[in-house]
Amino acid sequence: MTLIGEIIAVFLTLAIFSFLYKDNPAYRFAEYLIVGVTVGYGLPLVYKNAFQPFVLQRIFVEHKFIFLIPVFFGILFWFRFSRNYGWLSRYPIAISMGMVGAGVTMSMNSMVLVQVRQAMIPLETFNIFLIFLGTITVMFYFFFSKAHTGLYGKFSRIGIWYMMIGFGASFGYTVMARISLLIGRLQFLADTFKGWIA
Amino acid sequence: MNFIKNLQGLDRRYVFVFIAVAIIMPLIFPFNSLTYTTTPVENLYQLIDSYSPYVRADDLNGDGIISEEEAIAFKQDRAIFMDFFHDASTMPELFPMEVAVMRHCIYRRVPFFTFTIMEVAAPIIEEAISVVTDEIQKTGRVIERGKDYINIGYKPPALYLPILLGMGDDIAAAVETDTDGNRIENLPMYRDTAIRNYTQMNLVYETSGSDQGLSWMIYARSRFGVNVGVGLTAVMAADQYPYLQSGQCVGMTAGLKGAAEYENLVDMFAMNNLTFSKGQLDNPTEAMMANLDITSDTVPTKFKMARLGMNAQSVAHILIIVFIILGNIGYFLEKKKQNKNL
């Protein structure tokens, strides 16, 4: 059974890699298969872990009819496919957006206030000074109500350098991530072939 | 010179072959290379280690060492919570770090919860648990589901926020059942310990290929002060540094490198049942060094996947750098020739 699983996994891995040479039916087969398997695996799991315990169990076994309200709003999502009643799907969307809104104050704390506080600490080390300089100069760059000329232009130019270094770091990390994914698959192939030979 | 200029027009498929060979060779013929640990990884390791009964239990017989019996007898009042937020596409980077953190917890008897809101992550959790427990149980240690760890498994995304906030009061009320349908309050890890909410479960370790860890910082940290550690794909690592710098994120394992660092720390300290110390990290003993030899069988291959991968990563990076340099030389030579012809 394990061997059959390994053969299928090796075939699908090679089928996906075959795209590097050119598009072909084996690649497309593997691509469609992954979409089908993901949906096929997900649907019964969602049914078992969401629909059964939070709809069937609650309403029909525990008789907690309050759960009919979220079920009703959930059903409204399906009207998105109707031309005449599509507007009904906006209500559950509005409720979802309201929930997102509830997190705005907390987001303000984590993403803005704490960050601002940490940007206003004493310049005790060279690293903190670099962070301070970067924060100020990048903010200069994004201030467009003044022409970027003279001393002001020079400061905003430093901001551009900071951003370029940031983008470079992100790109370097991206290359590393992509190579890691390739390593994962090649590690699997190498180990499997080693196992077969042994 | 013509060779370098010809590289400009090289079919990209040759580049793919070069990269493939550069990666496969170190995987087939592994070698030892140095892995330096970074502060974010050390911080995460130290925090998890501080929850260990080997650190927290009372030294009953007064010999200065917490024995296995003393650690087992200790009523555990600390745990970590692991949130898996990724599918198979990011497994090469995230799976080794999840395995390393679980190994750390099991070696040091730190209870852990596993949880996901992505249905495709549910089998990844089971796979990680089985990789770790199967291998460690070969040494004779029995690891019990519900006692050493609780796998909450998949919960619908709509319940993410209610669960996240509800665990501030009581985890058993917030998630109700584990993945096998057992009620949390009936499981020994909850019933027989003092673990109830974020006060005891004071570290959330979230692994993802996105900024999902922010949700824990925004809601759980802001409201309950819970420590948040993240395991990220390398692509997302740069975005996380502001939160590390501000202290909202206590530690981070970034990409394959982060996983390799964590594997190193587990092999050096946890495998030898030692508490982390910077001094020993810089001057390791022979026993610690023996576990770091990835060419030997001291540590099973499953537990050194990130370090094996990092060797291939290093070779691939060198090759890419060489290609970039050659490509640029070719570009400037071509430009010089064009300028001459004008």
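Here are a few things to note about the model shown:
- Extent along principal axes [Cα atoms of segment B:80-190; Å; largest to smallest]: 39, 34, 21
- This model, with +1 at the C-beta of Lys and Arg and -1 at the C-beta of Asp and Glu, gives segment B:135-189 a dipole about its Cα centre of some 220 debye.
- Taking the longest Cα principal axis of chain B as reference, the axis of helix B:234-245 is set at about 60 degrees.
- Stokes-Einstein D in µm²/s, Kirkwood radius over Cα pairs - chain A at 25 °C with 0.890 mPa s viscosity: 102 µm²/s
- Reachable lysines, given that their alpha-carbon falls under 26 Å from the alpha-carbon of residue A:146 and they are not under 8 places away in the same chain: A:154
- Annotation: amide H-H contacts under 5 Å for residue B:82 (H modelled 1.01 Å from N, sequence separation of 5 or more, or interchain): B:113, B:114, B:115, B:205.
- Overall form of the protein assembly as shown per C-alpha gyration tensor (a/c, 1.5; a/b vs b/c): rounded
- For residue A:22, the aspartates and glutamates whose Cα falls under 16 Å of its own Cα, not counting residues fewer than eight places away in the same chain, are A:31, B:11.
- Calculation over all alpha carbon pairs of segment B:215-279 in 10 angstrom steps from 0 returns a P(r) of 20, 40, 32, 8 percent.
- Once the partner protein chains are put back, segment B:201-219 shows a loss of at least 40 square angstrom of accessible area, versus the chain by itself, at B:218, B:219 (probe 1.4 Å, ligands and nucleic acids excluded).
- For segment B:280-342 versus segment A:125-162, the spacing of their alpha-carbon centroids is 34 Å.
- Peptide B:235-243 is shielded by partner chain Cβ atoms: per residue, an average of 5 of them sit within 10 Å of its Cβ.
- Selected from B:33, B:52, B:208 as most flexible by GNM, with chain B as the system and alpha-carbon contacts under 10 Å: B:33
- Pairs spanning more than 24 Å between alpha-carbon atoms, out of B:257/B:278; B:155/B:304; B:138/B:302: B:155/B:304.
- Taking the Cα centre of segment B:1-69 as origin and assigning +1 to Lys and Arg Cβ atoms and -1 to Asp and Glu Cβ atoms, the resulting dipole is close to 1080 debye.
- Helix-only mean residue ellipticity at 222 nm for the protein assembly as shown, each DSSP H run of n ≥ 4 adding -39500 (n - 2.57), per residue, nearest 500: -17500 deg cm²/dmol
- Calculated FRET efficiency, residue B:280 to residue B:141, Cβ-Cβ distance, R0 = 25 Å: about 0.55 to the nearest 0.05.
- With a 1.4 angstrom probe, the accessible area lost at the A-B interface totals about 3900 Å².
- Listed peptides B:34-41, B:322-329, B:243-250 by packing density, highest first (mean Cβ within 10 Å): B:243-250, B:34-41, B:322-329
- Hydrodynamic radius of chain B per Kirkwood, over alpha carbon pairs, in Å: 21.8 Å
- Positive-end residue of B:299, B:249, B:315, charge dipole of segment B:242-335 with Cβ unit charges: B:249
- With 30 Å² as the minimum drop in accessible area between chain alone and full protein complex (1.4 Å probe), the qualifying residues in segment B:87-109 are B:92, B:93.
- Shielding of B:153-160 by partner chains, average beta-carbon count, 10 Å: 4
- Legend: mean number of C-beta atoms from other chains within 10 angstrom of residue C-beta atoms, peptide B:191-199, equals 0.
- Choice from B:19, B:80, B:143 showing the highest fluctuation, given a GNM over chain B with Cα pairs closer than 10 Å: B:19
- Interface residues, segment A:13-38 - accessible area loss of 10 Å² or more versus chain alone, probe 1.4 Å: A:20, A:21, A:38
- A simple charge model with +1 on the Cβ of Lys and Arg, -1 on the Cβ of Asp and Glu and nothing else charged puts the dipole of segment B:39-292 at about 440 debye relative to its Cα centre.
- Heavy-atom accessible surface of the protein assembly as shown: percent carbon and sulfur, 1.4 Å: 66 percent
- Once the Cα atoms are used to define both axes, helix B:122-137 deviates from the longest principal axis of chain B by about 70 degrees.
- Two-decimal ratio, segment B:114-272, of alpha-carbon radius of gyration to 2.2 N^0.38 Å: 1.07
- Length-normalised contact order of chain B in % [C-alpha pairs under 8 Å, at least 6 apart]: 25 percent
- P(r) for segment A:2-104, from all Cα pairs and a bin width of 10 Å, is 12, 22, 26, 17, 21, 2 %, short bins first.
The values are calculated or read from the model by the stated rules, or taken from the named source; none is laboratory data. All values derive from a computational prediction rather than experimental measurement. Glycine also receives a Cβ, built like all others from the backbone with ideal geometry; neighbour counts cover every protein chain displayed. The accessibility values were calculated without ligands, DNA or RNA, using every heavy atom of the protein model including side chains. Shrake-Rupley method; radii C 1.70, N 1.55, O 1.52, S 1.80 Å.
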